[in-house]
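Participant: Take this structure, written in structure tokens, and hold onto it; I'll ask about it next.
The values are calculated or read from the model by the stated rules, or taken from the named source; none is laboratory data. The structure presented is a predicted model; accordingly, all values stated were derived computationally and were not measured. Reconstructed Cβ throughout: ideal geometry from the backbone, glycine too, with neighbour counts over all protein chains shown.
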Amino acid sequence: MYIQDIQLKDFRNYKELQVSFSKNINIFLGNNAQGKTNLLEGIYLTAMAKSFKTMRDREMIRFGESFCKVKTDCIIGGETHTTEILITKEGKKGIKINGVKVQKITELLERIYIIIFSPEDLKIVKDEPEKRRRFVDQELCLIKPGYFHALNNYKRALKQRNTYLKEDLIENSVLDIWDMELAKYGSRVVSERNAFIGKIDKISGEIHHKISGGRENLSVKYEPSTTVSHNMEESFYHLLKEKRNDDIRSRTTGMGPHKDDIKISAGEIDLRKFGSQGQQRTAALSLKLSEIKLIEEEMGEKPILLLDDVLSELDHERQSFLIHSLGGNQLFITTADLSGKVARELPEGKIFKISEGQIEIEI
Ligand SMILES: Nc1ncnc2c1ncn2[C@@H]1O[C@H](COP(=O)(O)OP(=O)(O)OP(=O)(O)O)[C@@H](O)[C@H]1O
Ligand SMILES: [Mg+2]
């Protein structure tokens, strides 16, 4: 799976652009504010039908214009799929695949797998639990369509239960209804997270062993706020009942997948609390690479990867590891500068220079 070319019209700071990519590595070099991240956003948009930067589609339209258009040719299993997205100032979004209008974003999602890797991802080990939950949720939504549904229903029920808990008069019969909903969808979320983290633990352990030159054993363990059991729906429901008085007192739901965490350790050391910055980053890199590997395994396709400003955050050894371990995936890498050492070691690909919304090929 790779993107052969892209056309942009009035997209961000690009008036008009047409460019053909390498199916291996594509490096976008350029100073700050020239359009490197914007180009990645354009690529992401045709795969996911949304931006990774904004919820408001119209922000992607070039200042002063009334619409923007992004078109890509993506090669999947030897066949060309043309996807086209048009966004208007009025908030309309038109999506076409091979010239045919489609309504649902999932019709696109089933076709192209794309992962964005940004400096934020390198903080996942030391960040708050919410960021680790988001990491897991994003991947599960991509590889398990039913997960998205379960997670959304869980969040909706949780919000309604919490709103109800703030009322003056609480009736047990009403809470029963929300508890059943939470247990039904929450148990699905917990069981999928449990399986996913188990797989990530195994793969990231192997990757981390290589990056750390065999010095560290990484372990990634699920820390659910509820319990993981065979009859999860029932046990979750009972736990909610047990804690009901606490929830009524605190006027919020104190337990459930919205409180889960992941513990990341090197040997006996909890890296979030005691890891050095370098250790935390390397573990984060291992996690991200294992996520990519897992998607490959589950989907039978090598996802396309967008690396926005990640290289400058890593030392030469890790930059080199990152680029070489991703051979076979199409890579789009933005960076303000590329060290001669890394450039010389690059496998086959293209280097582009981006300046004020214009692109030139360097190699
Ligand atoms: N809708 C828009 N219309 C026109 N220009 C825009 C629009 N949105 C953003 N820009 C401009 O595009 C420019 C390039 O942004 P971009 O984020 O792609 O830079 P970059 O090359 O990735 O820089 P950095 O190295 O700092 O990350 C910015 O100066 C920004 O103001
Ligand atoms: Mg940028």
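Participant: Might you let me know whether the stretch 62-76 holds any residue that is more than 22 Å from the chain's Cα centre (by Cα), among the aromatic types (Phe, Trp, Tyr), over 22 Å from THR334 (Cβ atoms) and within 16 Å of ligand 1 (Cβ to nearest atom)?
Facilitator: Yes: one or more hits.
Participant: Considering only residues that are among the aliphatic types (A, V, I, L, M) and either more than 9 Å from ligand 2 (Cβ to nearest atom) or assigned to a strand (DSSP E or B) (or both), look in the stretch 27-47 and name the one that is surrounded by the fewest Cβ atoms within 10 Å (Cβ to Cβ).
Facilitator: Going through the qualifying residues, I end up with LEU29.
Participant: Still on this structure: Run down ASP337, ASP309 and say which single residue is surrounded by 13 or more Cβ atoms within 10 Å (Cβ to Cβ), under 23 Å from TYR44 (Cα atoms) and within 16 Å of ligand 1 (Cβ to nearest atom).
Facilitator: Residue meeting the stated conditions: ASP309.
Participant: Working carefully through the options ILE75, ILE95, ILE112, ILE87, find the one that is away from ligand 2 (no atom under 16 Å from the Cβ), β-branched (Val, Ile, Thr) and in a loop (DSSP other than H, G, I, E, B). Show your work before the answer.
Facilitator: Values: ILE75 fails: in a loop (DSSP other than H, G, I, E, B); ILE95 fails: in a loop (DSSP other than H, G, I, E, B); ILE87 fails: in a loop (DSSP other than H, G, I, E, B).
Unique residue meeting the criteria: ILE112.
Participant: May I ask you to list the residues in the stretch 13-38 that are without any contact (Cβ under 8 Å) to a residue 12 or more places away in the chain and near ligand 1 (Cβ under 6 Å from one of its atoms)?
Facilitator: ALA33 - this is the single residue of the stretch 13-38 that is without any contact (Cβ under 8 Å) to a residue 12 or more places away in the chain and near ligand 1 (Cβ under 6 Å from one of its atoms).
Participant: When you look at LYS199, is it assigned to a helix (DSSP H, G or I), within 26 Å of MET48 (Cβ to Cβ) and without any contact (Cβ under 8 Å) to a residue 24 or more places away in the chain, yes or no? Step through it out loud before you land on a result.
Facilitator: Numbers: assigned to a helix (DSSP H, G or I): yes; within 26 Å of MET48 (Cβ to Cβ): yes; without any contact (Cβ under 8 Å) to a residue 24 or more places away in the chain: no.
Spelling it out, it is not the case that LYS199 is assigned to a helix (DSSP H, G or I), within 26 Å of MET48 (Cβ to Cβ) and without any contact (Cβ under 8 Å) to a residue 24 or more places away in the chain.
Participant: Another one. Restricting to the stretch 2-26, what's the tally of residues that are part of a loop (DSSP other than H, G, I, E, B) and either in contact with a Lys or Arg (Cβ under 9 Å, 6 or more places away or on another chain) or not assigned by TED's automatic domain parsing to the domain that holds THR83 (or both)?
Facilitator: 5
Participant: Being at pLDDT 95 or above, under 25 Å from GLU297 (Cβ atoms) and of a type in the set (Ser, Thr, Tyr), is that true of even one residue in the stretch 220-242?
Facilitator: The answer is yes; a qualifying residue exists.
Participant: Kindly evaluate GLU59 against the criterion of being in a helix (DSSP H, G or I), of a type in the set (Asp, Glu) and free of Cβ contacts under 8 Å to residues at least 12 places away in the same chain.
Facilitator: When the stated conditions are applied, GLU59 passes them.
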